[in-house]
Amino acid sequence: MARLARILSETGIYHIIFRGVNRYNIFEEEKDYKKILEIIFDLKENMKFEIYAYCLMTNHVHLIIKEKTPGEISVIMKRMLTRYAGWFNKKYDRSGILIANRFKSEPVETDDYLITLSRYIHQNPVKGGLSPSVDKYNWSSFKEYSGNSYIVDTNFILSIVDYESYKKYNFELDDEEYEINSNADKITDENVKMKIKELLCGKDPFILGELPKEERNKIIIQLKNIEKFSIRQIERATGISKGVIERCK
């Protein structure tokens with residue numbers, strides 16, 4: 001079966017997930033975690049992309065990356081995964097595929113979603129039982145927001161929200177899951193935007209957030225209940241926060 005085309009991000013920001021084949025471990029000891037961070041650091045120096053959050057779990061990794069050149073995310077990830085898999089296989093005298101399929105990605109189009117997603121990523125070790133709190137885990141970007149940054153470009157998120165508010169927000173456990181659909185959703189973000197434009201008589205989807213509350217909510221309800229668009233898709237298309245969209249019933 002042919003692979004579905006990757007959905008491109010208008011902001012250049014992506015949520016990336018990659019896993020070990022059959023969910024096997026891709027990190028066995030401290031040196032392995034350090035190695036993937038070294039590879040990411042080196043690639044950043046050469047390709048000039050930015051990273052806003054990461055979390056290295058035992059058998060999978062979450063990243064939020066902003067590419068410099070549109071469509072470059074595939075090159076970034078291919079180089080990252082090829083280098084790490086080659087190093088890992090040589091170290092542990094193994095052969096064959098290390099990373100399951102190709103990496104998964106989704107666009108991150110709004111500031112609200114970026115901040116919410118970064119919290120989800122930082123909370124992965126807590127939800128997975130690997131750490132009692134976000135600040136106790138060694139292999140996530142939360143510590144870079146709390147101290148010296150190594151590979152994370154902390155200034156971007158901290159230009160949206162102040163540090164103390166962001167720190168407090170990260171400790172507020174969120175039950176929402178932000179896994180990426182491997183089928184990349186049959187309904188694309190472009191489909192969502194086109195439908196909203198149609199409902200707004202050709203106006204930009206971001207205009208929806210400027211409408212009177214009653215009129216805005218009526219359209220959001222239609223998008224959710226009739227068009228069956230996801231909350232995240234509506235959020236990305238309109239810039240309206242997830243919380244507001246959820247409350248429209």
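Here is how the numbers come out for the structure above:
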quantity	calculated
Separation in nanometres of the label points that stand 7 Å from Cα toward Cβ, at I97 and N138	3.1 nm
Inter-site label distance for E246 and T188 at 7 Å from Cα along Cβ, in nm	3.0 nm
Residue-span extension gain [K213 to K35] - 0.36 nm each, minus C-alpha spacing	59.0 nm
The chain - accessible surface per residue (Å², probe 1.4 Å)	53 Å²
For the chain: rounded, prolate or oblate by the Cα gyration tensor [a/c cutoff 1.5]	prolate
Point-to-point label distance, D204-E10, nm (Cα→Cβ direction, 7 Å offset)	0.8 nm
Alpha carbon convex hull of the stretch 19-125, projected area averaged over orientations, nm²	6.9 nm²
Carbon plus sulfur fraction of accessible area for the chain, probe 1.4 Å, in percent	49 percent
Calculated FRET efficiency for the pair Y163/I221, C-beta based, R₀ 41 Å, to 0.05	0.65
Rounded to the nearest 10 Å², the accessible area of F171 at probe 1.4 Å	90 Å²
Contour excess over end-to-end distance, with Cα ends at T82 and N155 and 0.36 nm allotted per residue	23.3 nm
Extension gain, L173 back to S230 (0.36 nm per residue minus Cα-Cα distance, nm)	18.3 nm
Protection-proxy order for peptides 55-63, 34-42, each taking the mean of Cβ atoms within 10 Å per residue, highest first	55-63, 34-42
Relative packing of peptides 206-216, 65-75 - highest average C-beta neighbours within 10 Å first	65-75, 206-216
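The values are calculated or read from the model by the stated rules, or taken from the named source; none is laboratory data. Only a predicted model underlies this, so the values are computations on that prediction, with no experimental measurement involved. When we count neighbours, we look across all protein chains shown, and the Cβ atoms used for this are built from the backbone with ideal geometry, even at glycine. SASA here: full protein model, heavy atoms, side chains in, ligands and nucleic acids out. Shrake-Rupley method; radii C 1.70, N 1.55, O 1.52, S 1.80 Å.
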